[in-house]
Amino acid sequence: MQSTDDKTGGPEQWFTRITRELSAAWAISRKDMITYYIKPNIIVMGILFPFFMFLAFAIGKNAPPGTLIPGLIAITLLFSASSIEPVSIPIERRVKTFDRLLSAPISLHSLVFGESLSGFLYSLGIACFPLIAGIILFATPIEHAPVLVIAMALTAFCFATLGTLFAAYPTENVGEVMSMLNTVRLPLIFISGVFIPISEIPQIGQDIALFSPLTYGNDMITYAYTGTSLFSPLLDILALLIFILIFQFVANRLYKKFNE
Amino acid sequence: MHAIEVSHLTKRFGTLTALNDVNFSVDVGETFGFLGPNGAGKTTTIRILTGISYPTTGTATIFGHDIGRDTIAARQSMGIVSETSNVYDDLTAWQNMIFSAELYHVRRDIREKKATELLTTFDLYERRDDKVHGFSKGMKRRLTIAMGLVNSPLLLFLDEPTSGLDVQSNLIIRDVITGLIHEGVTVFLTTHNIEEANLMCDRVAIINRGTVAAIDAPERLKKTIQSVQSVVSFDHSSADQLADVSRLPMVNDALKEGDKFRLYTEDPATVIESVMEYARSGNLRVISISTLGPSLEDVFIKLTGLQRTGGMVHAID
Ligand SMILES: Nc1ncnc2c1ncn2[C@@H]1O[C@H](COP(=O)(O)OP(=O)(O)O)[C@@H](O)[C@H]1O
Ligand SMILES: [Mg+2]
């Protein structure tokens, strides 16, 4: 039997508490991996969709495909990272397993974090395909490999948390969450400088671009590949971290609010 | 300290009052039943006590921990078995157990031992590596309860544990719960099955439309009812006999149950005499006659104002 008293706040108790929270979060994301990584709607939204977007742009722009690799990695991260939770959480609401997570002796932050973790790992795995394709097929050079790793990780985590945030909407219907999410993430492709440079879109679009996490993710990934970018990589990191924190806290509040 | 203490709990969903000023406490080691028809507010109560839902007003503490403010500590010693068997279909029985143990921070060295022990108890160990997907309703129910016990809870919430199950699963579940009660585990169970409440609970709260109508030991609840029942059967029965026997002197109410009649009265001696008289005049033979004390069902009907419809109000599954 475990101790039921977590109120005493010595450093040791805090350490125990944090390890417990993290291992519970890890258990949640492992469960998601086994259960949801191969669900059809996740494969369609997370893998096929970015691939066809890429084809459309590559054909339309007549640009050498190799130069489109950074943008392809950015949207692959966006679509795969944010597709796990909007599928898994409504399903879990319907079969009531979500109540297990809501009634476990863990903080809501760990629940949000654990859910996001599975989207994060999934999208990093998926983004390896365009990464490797770039290297093998088009011999796209990478200027700053360590920056690329950081850029991909932060972008992935940011969009995974965004997916968890949208999944807070209290429905048992996957389609409902997905369509809300798509009204946000589809426009992001066009205003965040992924395939159309930000300088080429109308002023209002450029203003909105500043509020899109994809702008910073894409900017940093482009920097890692080419060495040139709109903002400094440090600013990109800062912006992505701020988005992650905002999404985490808003998600936490929404899950609490919608738990009547 | 009480295991559960609930004070002035009210829960509204929009204009619907699902719980209306509910007060009760459950002692450590006690088996406490929430008995009420569908929609009475039983599940809502459990959801609030486990911190999934919040009360509109009022408070609840679990072993002294306020469920709203000290949620994690309050939950650590709980086992929760919800109304639907909420297992992960795409995981195996074993993975389900381990996942549940991880959520409750059960130590690594204890996890596997506990999972083995519980799966064996619930007769699922042979199937531990099968995905739950193909399990029967009863097997899923047993796994749900096993998952609720993986952290060796001091307080177990059971929301309709045996509702609609096969006999084998029912027997295993009742056995396990009885064992836990002997070990001193506090049990809070909801049921719409009157016999279950009568058999298992130290005390029962009868709840209807969000209001607790009475809380007491089953036997003491029965004592609040005056009437006793005489069960009579004749050598041939027909439906119109019901109207006749219900008009006999001192019979308050009469029911036809199969080939028998159940007569409610406060004066069984007079009723037996008039039944014999009725039988003689109608050329019938009385095959058997017996007199019973009031049942928990009578208390339930009296307090909830539900109607007897044809036979039983309770669902014996
Ligand atoms: N989330 C909810 N939103 C609106 N009404 C609800 C909700 N949950 C329960 N109710 C209502 O509250 C009442 C009590 O429900 P419940 O506690 O599930 O009953 P029981 O478990 O006793 O059958 C019912 O009328 C039910 O429709
Ligand atoms: Mg219920």
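The values are calculated or read from the model by the stated rules, or taken from the named source; none is laboratory data. Worth saying up front: this structure is predicted, and the values here are computed from it rather than measured. Every residue, glycine as well, gets a Cβ built from its backbone with ideal geometry; the counts of neighbours run over all protein chains shown. Just so you know, the surface numbers come from the protein's heavy atoms only, side chains and all, with ligands and any DNA or RNA stripped out. Shrake-Rupley method; radii C 1.70, N 1.55, O 1.52, S 1.80 Å.
Here's a check for you: in segment B:15-26, which residue that is open to solvent by less than 70 Å² (accessible area, probe 1.4 Å) and more than 16 Å from ligand 2 (Cβ to nearest atom) is nearest to A:Lys257 (Cα to Cα)? Please lay out each step first, then the result.
As a first pass, look at segment B:15-26 and keep what is open to solvent by less than 70 Å² (accessible area, probe 1.4 Å): B:17-19, B:22-26.
Subset that is more than 16 Å from ligand 2 (Cβ to nearest atom): B:17, B:23-26.
Numbers: B:Thr17: 19, B:Asn23: 26, B:Phe24: 27, B:Ser25: 28, B:Val26: 29 Å.
The residue in question is B:Thr17.
Taking the conditions exactly as written (more than 29 Å from B:Phe34 (Cβ to Cβ) and of a type outside the set (Val, Ile, Thr)), does B:Arg127 satisfy them or not?
Working: more than 29 Å from B:Phe34 (Cβ to Cβ): yes; of a type outside the set (Val, Ile, Thr): yes.
Judged against the criteria, B:Arg127 is a match.
When B:Arg69 is tested against (1) more than 16 Å from ligand 1 (Cβ to nearest atom); (2) not in a loop (DSSP other than H, G, I, E, B), exactly one condition is not met: (2). Of the residues making up segment B:201-216, those that are within 15 Å of B:Thr304 (Cα to Cα), surrounded by 23 or more Cβ atoms within 10 Å (Cβ to Cβ) and touching a Pro at 6+ places or on another chain (Cβ under 8 Å) number 1. Screening the candidates B:Leu158, B:Leu118, B:Leu180 for the property of being open to solvent by less than 10 Å² (accessible area, probe 1.4 Å) and in the same structural domain as B:Val81 (by TED's automatic domain parsing) yields one hit, B:Leu158. With respect to (1) in contact (Cβ under 8 Å) with a residue 24 or more places away in the chain; (2) more than 10 Å from every other protein chain (Cβ to nearest Cβ), the lone exception for A:Asn62 is condition (1). B:Asn96 meets each of the listed conditions (1) buried (at least 21 other Cβ atoms within 10 Å of the Cβ); (2) within 21 Å of the chain's Cα centre (by Cα); (3) not charged (D, E, K, R) apart from (2). In the set (1) outside any helix (DSSP H, G or I); (2) more than 14 Å from chain B (Cβ to nearest Cβ), the condition left unmet by A:Pro105 is number (2).
Please verify whether segment B:68-90 includes one or more residues that are of a type in the set (Phe, Trp, Tyr), open to solvent by less than 30 Å² (accessible area, probe 1.4 Å) and within 7 Å of chain A (Cβ to nearest Cβ).
As a first pass, look at segment B:68-90 and keep what is of a type in the set (Phe, Trp, Tyr): B:88.
Restricting the remaining residues to those that are open to solvent by less than 30 Å² (accessible area, probe 1.4 Å) gives B:88.
Still in the list and also within 7 Å of chain A (Cβ to nearest Cβ): B:88.
Within segment B:68-90, one or more residues are of a type in the set (Phe, Trp, Tyr), open to solvent by less than 30 Å² (accessible area, probe 1.4 Å) and within 7 Å of chain A (Cβ to nearest Cβ).
Among the residues making up segment A:13-49, those that are in a helix (DSSP H, G or I), modelled with pLDDT of 80 or more and touching a Phe, Trp or Tyr at 6+ places or on another chain (Cβ under 7 Å) are A:Ala25, A:Ala27, A:Lys31, A:Thr35, A:Phe49.
Scanning segment B:35-45 for residues that are touching a Phe, Trp or Tyr at 6+ places or on another chain (Cβ under 7 Å) and more than 8 Å from ligand 2 (Cβ to nearest atom) turns up B:Leu35, B:Thr45. None of B:Val150, B:Val232 is over 18 Å from B:Phe34 (Cβ atoms), of a type in the set (A, V, I, L, M), at pLDDT below 95 and open to solvent by less than 10 Å² (accessible area, probe 1.4 Å) except B:Val232.
Does segment B:235-256 hold any residues that are open to solvent by less than 60 Å² (accessible area, probe 1.4 Å) and within 18 Å of B:Ser295 (Cβ to Cβ), and which are they? Quick ask: steps written out before the conclusion?
Applying the first criterion (open to solvent by less than 60 Å² (accessible area, probe 1.4 Å)) to segment B:235-256 yields B:237-238, B:241-246, B:248, B:251, B:254-255.
B:Val251, B:Ala254, B:Leu255, listed by residue number.
Consider B:Asn198 carefully, then state whether it is over 30 Å from B:Thr15 (Cβ atoms), in contact (Cβ under 8 Å) with a residue 12 or more places away in the chain and either open to solvent by 30 Å² or more (accessible area, probe 1.4 Å) or not polar (S, T, N, Q) (or both). Before the answer, list the steps.
Numbers: over 30 Å from B:Thr15 (Cβ atoms): yes; in contact (Cβ under 8 Å) with a residue 12 or more places away in the chain: yes; either open to solvent by 30 Å² or more (accessible area, probe 1.4 Å) or not polar (S, T, N, Q) (or both): yes.
Against the criterion (over 30 Å from B:Thr15 (Cβ atoms), in contact (Cβ under 8 Å) with a residue 12 or more places away in the chain and either open to solvent by 30 Å² or more (accessible area, probe 1.4 Å) or not polar (S, T, N, Q) (or both)), B:Asn198 qualifies.
Given the condition open to solvent by less than 10 Å² (accessible area, probe 1.4 Å) and either within 14 Å of chain B (Cβ to nearest Cβ) or touching a residue at least 60 places away in the same chain (Cβ under 8 Å) (or both), answer yes or no: does some residue in segment A:3-14 qualify? No, segment A:3-14 has no match at all. Only a single item in (1) in a loop (DSSP other than H, G, I, E, B); (2) more than 13 Å from ligand 1 (Cβ to nearest atom) is not met by B:Thr59, and it is number (1).
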